[in-house]
Number of protein chains: 2
Amino acid sequence: MKIDLKQAADVITKYKNFVITSHVNPDGDALGSVLGLAHYLKAIGKNVTCLIDDDLPANFNILPGYELLSKPGQIIEKIDLLIVLDTGIDRIGQIKELANAPILNIDHHISNNSTVDYLYVDPDRAATGEIIFQLLKFMKAAFDKNIATCLYTAIATDCGFFRYANTTALTMRIGAELLEFDVKPNLISEAIEKKTLTAVRGIALALNTLEIFKNGKIALLAITQDILAQCVSTEGFIDLARIIEGVDVAVMVKYVDENTCRISMRSKTTNVSLIAETFGGGGHIRAAGCTMHAPVGAAKETIVAAIEQSMEDSYNA
Amino acid sequence: MKIDLKQAADVITKYKNFVITSHVNPDGDALGSVLGLAHYLKAIGKNVTCLIDDDLPANFNILPGYELLSKPGQIIEKIDLLIVLDTGIDRIGQIKELANAPILNIDHHISNNSTVDYLYVDPDRAATGEIIFQLLKFMKAAFDKNIATCLYTAIATDCGFFRYANTTALTMRIGAELLEFDVKPNLISEAIEKKTLTAVRGIALALNTLEIFKNGKIALLAITQDILAQCVSTEGFIDLARIIEGVDVAVMVKYVDENTCRISMRSKTTNVSLIAETFGGGGHIRAAGCTMHAPVGAAKETIVAAIEQSMEDSYNA
């Protein structure tokens, strides 16, 4: 059932015991939204468990409450409401099976049409963290540095620190209001951007894989097992392809195992969310991803062909 | 003479014919502030010439009015006031000699103690563009998309798109207000970050020069003539050294000619402005630079020794 912010607040007010979760392969918006909401619910006396069914990126350990995040182990007892943030219910791993409770799903991905008890989707918001901010405002929450740091991180990471097209005046006003609570944007950005020396040297390896297709409109990085072993994280790599003059779609194909790749796409005009969806993925018009069951070489060919086709379709449209 | 915003407004109101300039090696704050102010002055019927005594980075050609910027050629006739933005009068090239007029100097660099007729320095502002915004507000300016785009660019570039420590709640509120005038942060950031394919491949070459000193606290990139020829621009390279875990000072030594290097420094704690000043340069605590009259190899040794010494002095302080 689709609900509005008031109904979301009502559902939260009604219950006592919450599990909050978000998507696998969690990013700043996922973790920041989960922890920002958790800090508030704890402050008003609710019981809250924060579960993510995946490994956590260490860079986000600057988030207050990071230590509260854990993987689900067994059937979750004593739960009144499962709150799913920043994703539909299809990307929360086994939490869907382990939590037998009504679901409140809050998200900013337009593709989210999950069948849940309570669904609030606002695709005009730059981040789910922005919606949580609005929800907390609606609930007259007393903000503090912990809540503000989590929500600032959520928002800033999903709009590329106020650089992407999803950044609105409201996004920046919320950012300003959160900064008033002694949030340190430099400490957040430094923690998120931090890489080991080996990983920085790995950028050079990744760049050596750079290939250009479709008269310079597509730039591709292929992160093989060897390169991945050196880099560990490929965070930010796709931006190196995205910034090339004339490139519309930047794509990164990353080794997961012998027969699986993770595909990430960033675009200036092409709707990469549509492309990702044809491979069972999703995202936003200008930033999307999917998993492909193929080795790196074959996945490269498949995704490049799909992007080329999409570009041709749009030229002909 | 030190003045306040009202006095700055009074001086501008009083005169009719202006030359506006900024520092050599101009950045987004320099160009955005000059053009933002120029748009306003033209709108209220003043005569304005915008001069920069240096080549202009092509990436900023998205700034409305970019075509108004030119190099000074000869003695400037018919000038009532020279407005110097974002620098003291020591870094404006030969404009100081060519313009025989009173000087209004507006800047956010704390090191600016220029001897001029009218000096307004506010080191608490993230960018000179922020001060121009405040001045225009004070003068009850009618903002438009041109002014807003220039000032947004000025502010966003100097605070690393709201990531650096100089970002305040006010910085973000001004950003929000400027976005209301249909400013497109994604188009600005894409234009500024844009690199040629060759330049992106050059990042790999630059990374191969990465050296670490002082137990990992100093990371250095050395851009030799050969690498520079391939990269053209080294914009953003220093960030690749800055993000390395444990690094306090990132430094880039860039070839200018056989016996001249440009040094850039970024820091997390060390006051790199002080170090730059000992070599005749300057800047901010966390971002500073200077020119060194030495080949790349010798300049590397000199600057690393100076940074090491500065770190030791501060540990002993």
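The values are calculated or read from the model by the stated rules, or taken from the named source; none is laboratory data. Predicted model, so just to flag it, every value in this text is computed and none were measured. Reconstructed Cβ throughout: ideal geometry from the backbone, glycine too, with neighbour counts over all protein chains shown. Areas reflect the complete protein model, heavy atoms only, side chains present, ligands, DNA and RNA absent. Shrake-Rupley method; radii C 1.70, N 1.55, O 1.52, S 1.80 Å.
Below is a table of values for the structure above.
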| quantity | calculated |
| --- | --- |
| Residue in the stretch B:104-128 that is least open to solvent (accessible area, probe 1.4 Å), counting only those that are within 22 Å of B:Gly283 (Cβ to Cβ) and among the charged types (D, E, K, R) | B:Asp107 |
| Where a residue in the stretch B:179-203 is more than 9 Å from chain A (Cβ to nearest Cβ) and open to solvent by 20 Å² or more (accessible area, probe 1.4 Å) and its partner, wherever it lies, is among the aromatic types (Phe, Trp, Tyr) and outside any helix (DSSP H, G or I), with Cβ under 6 Å and at least six apart | B:Phe181/B:Phe143 |
| Unique residue being part of a loop (DSSP other than H, G, I, E, B), within 14 Å of the chain's Cα centre (by Cα), in the same structural domain as A:Gly36 (by TED's automatic domain parsing) and over 17 Å from A:Ala9 (Cα atoms) when the list is A:Ala156, A:Ala126 | A:Ala126 |
| Matching residues, the stretch A:146-164, being within 13 Å of another protein chain (Cβ to nearest Cβ) and surrounded by fewer than 24 Cβ atoms within 10 Å (Cβ to Cβ) | A:Ala148, A:Thr157, A:Gly160, A:Arg163, A:Tyr164 |
| Exclusive hit being closer than 30 Å to B:Phe162 by Cβ and out of contact with any Phe, Trp or Tyr (no Cβ under 9 Å at 6 or more places or on another chain), set B:Val24, B:Val48 | B:Val24 |
| A:Ala148 being under 30 Å from A:Ala8 (Cα atoms), of a type in the set (A, V, I, L, M, F, W, C) and outside any helix (DSSP H, G or I) | no |
| Of the criteria (1) open to solvent by less than 30 Å² (accessible area, probe 1.4 Å); (2) more than 7 Å from chain A (Cβ to nearest Cβ); (3) in a loop (DSSP other than H, G, I, E, B), which one B:Thr167 fails | (2) |
| Odd one out for A:Ala176, checked against (1) among the hydrophobic types (A, V, I, L, M, F, W, C); (2) open to solvent by 60 Å² or more (accessible area, probe 1.4 Å); (3) within 8 Å of chain B (Cβ to nearest Cβ) | (2) |
| Exclusive hit being free of Cβ contacts under 8 Å to residues at least 40 places away in the same chain, more than 12 Å from every other protein chain (Cβ to nearest Cβ) and under 27 Å from A:Gly175 (Cβ atoms), set B:Phe138, B:Phe143 | B:Phe143 |
| Every residue from the stretch A:204-217 that is of a type in the set (A, V, I, L, M, F, W, C) and over 23 Å from the mean Cα position of the chain (by Cα) | A:Ala204, A:Leu205, A:Leu207, A:Leu210, A:Ile212, A:Phe213 |
| Matching residues in the stretch B:204-233 - criterion: being open to solvent by less than 10 Å² (accessible area, probe 1.4 Å) and modelled with pLDDT under 90 | B:Cys231 |
| In the stretch A:157-189, residue modelled with the lowest pLDDT [restricted to those that are closer than 20 Å to A:Asp86 by Cα and among the hydroxyl-bearing types (Ser, Thr, Tyr)] | A:Tyr164 |
| Test for B:Lys137: is it over 24 Å from B:Lys2 (Cα atoms), open to solvent by 10 Å² or more (accessible area, probe 1.4 Å) and in the same structural domain as B:Asn186 (by TED's automatic domain parsing) | no |
| Scope the stretch A:292-317; condition in contact with a Ser or Thr (Cβ under 8 Å, 6 or more places away or on another chain) and either modelled with pLDDT of 95 or more or of a type in the set (Lys, Arg) (or both); matching residues | A:Met292, A:His293, A:Ala294, A:Val296, A:Ala306, A:Ile307, A:Ser310, A:Met311 |
